[in-house]
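Below: one structure, written as structure tokens.
Readers should treat all values here as calculations from the given coordinates under stated rules, not as data from a laboratory. Note that the structure is predicted; figures quoted are calculated from it, not measured. Ideal geometry is used to build each Cβ from the backbone, glycine not excepted, and the neighbour counts take in all protein chains shown.
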Amino acid sequence: MVTNTIRQVVIVGGGSAGWLTAAVLASRYQGLEQGGLRITLIESPDVAPIGVGEGTWPTMRDTLREAGVSETAFFRSCDAAFKQGSRFNRWVTGGADDYYFHPFVLPQGYGEADIARHWQKHHGGVPFADMVSYQPHLCVAGRAPKQLSTPEFAAVANYGYHLDAGKFGAFLRTHCLEKLGVHYVPDHVTGIRSHDNGDIAALHTKTHGDLEGDLFVDCTGMQSMLLGKHYGIPFLPQRGVLFNDSALAVQVPYAHENDPIASQTTSTAQSAGWIWDIGLPTRRGVGHVYSSAHISDEQAERELRAYLKQSGAGEDIPTPRKLSFEPGYRAKFWHRNCVAIGLSSGFIEPLEASALAMVELSAAMLADEMPVTRPQMEAAAARFNETFTYRWERVIDFLKLHYVLSRRDDSDYWRDNRRPETIPERLQKLLLLWRHRPPSRYDINRIQEVFPAASYQYVLYGMGFRHEAGPALRHEDGALADGFLRDAANLTRRMLPALPDNRALIDHICRHGLQQR
Ligand SMILES: Cc1cc2nc3c(=O)[nH]c(=O)nc-3n(C[C@H](O)[C@H](O)[C@H](O)COP(=O)(O)OP(=O)(O)OC[C@H]3O[C@@H](n4cnc5c(N)ncnc54)[C@H](O)[C@@H]3O)c2cc1C
């Protein structure tokens, strides 16, 4: 019998997606005994989590805070550091001096004046992000985004995190079990029992028998055991738009224990992909993401090793770990009484670290829209599917934007990336509109967009895009915009000496902790 009331939620998978979803749901709802929900997480001892995914968005601060996590404990347990945005090296021309920032702080006066057009007309020779935001300057100077006295999760400059993915999963598991009452079943799921109507009734496990539930969350990683394999929901490949399908990942020590910790992810373009460089307190995580259709694994490894050598990692580099993935996402994410969250729902190269943010958004929407009865589930599923199809499409548009504007001509990879048939139609139309005006809230117009128009502005101008002249703006608007640019410069001057060194603040947090709010 299909039960009418949703009482038992069973999450399959104990990677970052499974534990984040468990934390979000269990911190929102009371346990079953108090009239809430029973949240159970099954994790296979035989299948390890993917173990990468070290960059988050600022949204993670709210996700952790709402789940009742202590930020001090998080820093101490997860080898965590601050992330203030991304720095893109060699994406525009491939030259040694070619770089730009996509910071987390919005442009000063964003939404209040036409900063972008004013910047282009009067200051177009200065990098956009450097002119409209203090944050690139904090990153270059190695400053932390808050002070020693700033309480947990509060910020002076908006920030997310860099973290050790393995430690993060273990930390969330302890929190879920000790503080949130999540039921944990360490076991391997071997099969599925269905109701007559096609809903999932129970999961067969190796040693715990059948686990029944009303709603099942598929967090089984790329194999997508419930949504993909069991229900056969089609996978929509995106290789024709975003070519990268392989990664070589490695962890390297700092040359000296007290070397600075970068507070942005650095992405350095290569001949057929790019290399991420993420600084944690005890090590760097570095990886080459590339297109196997354009470059061999051996060549990719040579480029990775050359980067590591040039960036001071020494000669003694461990053998990189190879990961392969099919870029794309599922035709839907919620089918019958099964929702896929994390890699089971799809994966696109980690250029803007959007995967964990999509997990947070999925878990939050599931918690917000949790159906009380089975008949309500179809309506909740339809909205969830529409929302996340839109979000995947926007992630793809935004990542592709980084490639279509590149002027690099040193390989087929960069030339192929500019071929019109590889550019989504919606992005092509936006680029046409942007010939004469900046990206605006009319282009990216939902309440919870994955990337706001400000992010498009940072990438567009960072990549060297300039508007063609349109109708002249009123003089008063220019004066207003000028005031905001002066504000950004003044904030930079005030914040640089007032904020501590990035490593110094992280050391302080680990030793003494942050103040509670
Ligand atoms: C190269 C690379 C770099 C990345 N970088 C970033 C980044 O910087 N930022 C970001 O946000 N994301 C990044 N990601 C994505 C990120 O790693 C994932 O989104 C995140 O780790 C979530 O993974 P997951 O939990 O969905 O899957 P997994 O970590 O693969 O976990 C799957 C879980 O399912 C369990 N399982 C599988 N089969 C069974 C079974 N039969 N029974 C029971 N349990 C089972 C496993 O035991 C495991 O616990 C990156 C990904 C790649 C490939």
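Laid out as a table, the results:
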| quantity | calculated |
| --- | --- |
| Full-extension gain in nm, Arg517 to Glu421, via 0.36 nm per residue minus C-alpha separation | 29.4 nm |
| Shape category assigned to the stretch 160-299 from the gyration tensor of Cα positions, a/c cut at 1.5 | oblate |
| Segment Lys322-Asn490, length gained on full extension (0.36 nm per residue, minus Cα span) | 55.9 nm |
| Dipole axis of the chain (+1 Lys, Arg; -1 Asp, Glu on Cβ), positive-most option in His288, Phe104, Ala262 | Phe104 |
| Prolate/oblate/rounded label for the stretch 178-251 (Cα gyration tensor, a/c 1.5) | oblate |
| Relative contact order of the stretch 129-205, pairs being alpha-carbon contacts under 8 Å that are 6 or more residues apart, as % | 14 percent |
| Options Asn337, Ser324, Phe347, ranked by Cα towards positive dipole end of the stretch 308-379, top entry (Cβ charges) | Asn337 |
| Check: the stretch 459-517 dipole with +1 on Lys, Arg Cβ and -1 on Asp, Glu Cβ, in debye | 320 debye |
| Charge dipole of the chain about the Cα centre (unit charges at C-beta), most positive-ward option of Gly483, Phe168, His204 | Gly483 |
| FRET E, pair Glu369, Leu32, Förster distance 22 Å, beta-carbon r, rounded to 0.05 | 0.65 |
| Using a Förster distance of 25 Å, the FRET efficiency for Lys121-Arg435 (Cβ separation, nearest 0.05) | 0.95 |
| When each of Lys229/Lys332; Lys83/Lys179; Lys167/Lys322 is checked by Cα-Cα distance, pairs over 24 Å | Lys83/Lys179 |
| Cα gyration tensor shape of the stretch 352-484, rounded if a/c is under 1.5, else prolate or oblate by comparing a/b with b/c | oblate |
| Relative contact order (%) - the chain, alpha-carbon pairs under 8 angstrom, separation at least six | 24 percent |
| Separation of alpha-carbon centers, the stretch 1-56 and the stretch 414-455, rounded to whole Å | 35 Å |
| The chain: calculated mean residue ellipticity at 222 nm from DSSP helix runs of at least 4, using -39500 (n - 2.57) | -10500 deg cm²/dmol |
| Rounded to 5, the percent of DSSP beta bridges in the chain classed as antiparallel | 70 percent |
| Estimated dipole of the chain in Debye, rounded to 20 [Cβ of Lys and Arg +1, of Asp and Glu -1, Cα centre] | 700 debye |
| Pairwise label distance in nanometres, Phe235 with Val140, each label 7 Å out on the Cα-Cβ vector | 4.3 nm |
| In order through the stretch 281-286: 3J(HN,Hα) via Karplus (6.51 cos²θ - 1.76 cosθ + 1.60), integer Hz, x for Gly, Pro | x, 9, 6, 9, x, 10 |
| Nearest-20 debye value, the stretch 344-501 charge dipole, Cβ charges on Lys, Arg, Asp, Glu | 400 debye |
| Estimated inter-spin distance, Arg283 and His188, nm [label 7 Å along Cα→Cβ] | 2.7 nm |
| Once the Cα gyration tensor of the chain is diagonalised, semi-axes √(5λ) in Å | 38, 26, 25 |
| In Hz, Karplus ³J(HN,Hα) per residue of the stretch 18-28 (6.51, -1.76, 1.60; θ = phi - 60°; x = Gly, Pro) | x, 6, 5, 5, 4, 5, 5, 5, 6, 7, 8 |
| In order through the stretch 135-143: 3J(HN,Hα) via Karplus (6.51 cos²θ - 1.76 cosθ + 1.60), integer Hz, x for Gly, Pro | 5, x, 5, 5, 5, 4, 7, x, 8 |
